[in-house]
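Remarks on the structure that follows.
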Ligand code: AOF
Ligand code: ZN
């Protein structure tokens, strides 16, 4: 009787402790069990720092000999920023390794498990696979497809309006929904917005530790705070060094057709992309962002970008905050989808989760085909 799922569940608990900090690396947890006792535990905290297995092996010390290691992702076999975990497990004398899933990183892709097997270790994988997929949506999508995982945040009234005709839209964000957004921003690699939003609202687009809920603060101490990269679609070079987001901690990438010759503060980069349909080619941009190791993108922008991303098929998940208000016929729509005439052409989504956040509802949806 191995109790594999029990220990793997603990390994996932540990893996999730890294969910605000590991990007571009995956969230990985590891538990080492000997004679029915956990003798070592660890998780990956930050790229460049030791992998989960190394922390767990350090804690187990000599007790790792003859033990079983539970890892939420296949142990790596390559020399990256750190040496291979497969080698460390072999050197420690572990006799059995259970991995939740294989690592799709082409630098690993089965070689870690193979290496362990070759060393005479009993290897097992495919335990709690659904959990393994869910914990690394961004990393897995990037490794498998070369595209980042995209979450599109929308705020709507009960009748699906996003703002009054005037553009007034502050009503949507109940303090609880805003707090929820802070947490979801914090869990993403990058926040994508547009120059239209920057010019209209001059947002900071940062994670404010003080505004996170206390449960998140507990697992994410202030000193670990990481700012997701702010990526601004700015095809007409309208963002200036005076805008608020430019002066925030962390990086800002201005996605442009043509860089300007200005001196920008440290942390600001201009990236150039080809044009498509009067703006930036979003598909090319997403591929380039994945090449820059962006795993998961949180989109906070207006109806125009929302529509363009949806029409390009680039959205993996919708996060819709629905406020219990009616805005009526003059309110603006949630996303611009011009040319949609027939019901048969309407993109279909599947509800994955419905939750009440303060006075609002939060809906989480995935594309029907996904
Ligand atoms: C593991 N355990 O805890 C993690 C793994 O640059 P490095 O050395 O940090 O390597 C990063 C790659 O290693 C990453 O892309 C993924 O394939 C794997 N991550 N592997 O055995 C861990 N974080
Ligand atoms: Zn490793």
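Each reported figure results from applying straightforward, stated rules to the coordinates on display, with no laboratory input. Treat the numbers as computed from the prediction; the structure is a model and nothing was measured. Note: ideal-geometry Cβ built from the backbone for every residue, glycine included; neighbour counts use all protein chains shown.
Compute the Cα gyration tensor for segment 138-367, then decide on rounded, prolate or oblate, letting a ≥ b ≥ c be the square roots of its eigenvalues: rounded whenever a/c is under 1.5, prolate when a/b is larger than b/c in the other cases, and oblate in all that remain. Verdict is rounded for segment 138-367. Can you tell me the orientation of helix 175-186 relative to the chain, as the angle in degrees between its alpha-carbon axis and the longest Cα principal axis, to the nearest 10? Once rounded, one gets 50 degrees. Among 128, 8, 59, sorting on how many other beta-carbon atoms sit within 10 Å of each Cβ, with the fewest leading, yields 59, 128, 8. Across 235, 272, 189, mean-square fluctuation computed from a Gaussian network of the chain (C-alpha pairs under 10 Å connected) peaks at 272. Is the C-alpha gyration tensor of segment 4-135 telling us rounded, prolate or oblate? Criteria: a/c under 1.5 is rounded; beyond that, a/b larger than b/c is prolate, otherwise oblate. Since a/c stays below 1.5, the shape of segment 4-135 is classed as rounded. Exposure proxy for 103, 281, 329: other Cβ atoms within 10 Å of each Cβ, ordered fewest to most, give 329, 281, 103.
Over what distance in Å are the Cα centres of segment 230-283 and segment 328-363 separated? Taking the Cα centre of segment 328-363 as reference, the centre of segment 230-283 is 29 Å away. Between helix 282-291 and the chain there is an angle of about 30 degrees, using the helix long axis and the longest principal axis of the Cα atoms. Mean separation of Cα pairs under 8 Å and 6 or more residues apart, divided by the residue count, gives the chain a relative contact order of 16 percent. The gain in end-to-end length when the residue 263 to residue 204 segment is fully stretched comes to 19.2 nm, 0.36 nm per residue minus the alpha carbon separation. The ranking of 139, 147, 351 from fewest to most other beta carbons within 10 Å of each one's beta carbon is 351, 147, 139. Note on residue 344 and residue 65: the extension gain reaches 94.4 nm, defined as 0.36 nm multiplied by sequence separation minus the Cα-Cα distance.
GNM remark for the chain: springs join alpha carbons under 10 Å apart, and the peak mean-square fluctuation among 114, 220, 321 falls on 114. Springs between Cα atoms under 10 Å define the GNM used for the chain, and in it the highest mean-square fluctuation of 333, 277, 42 occurs at 277.
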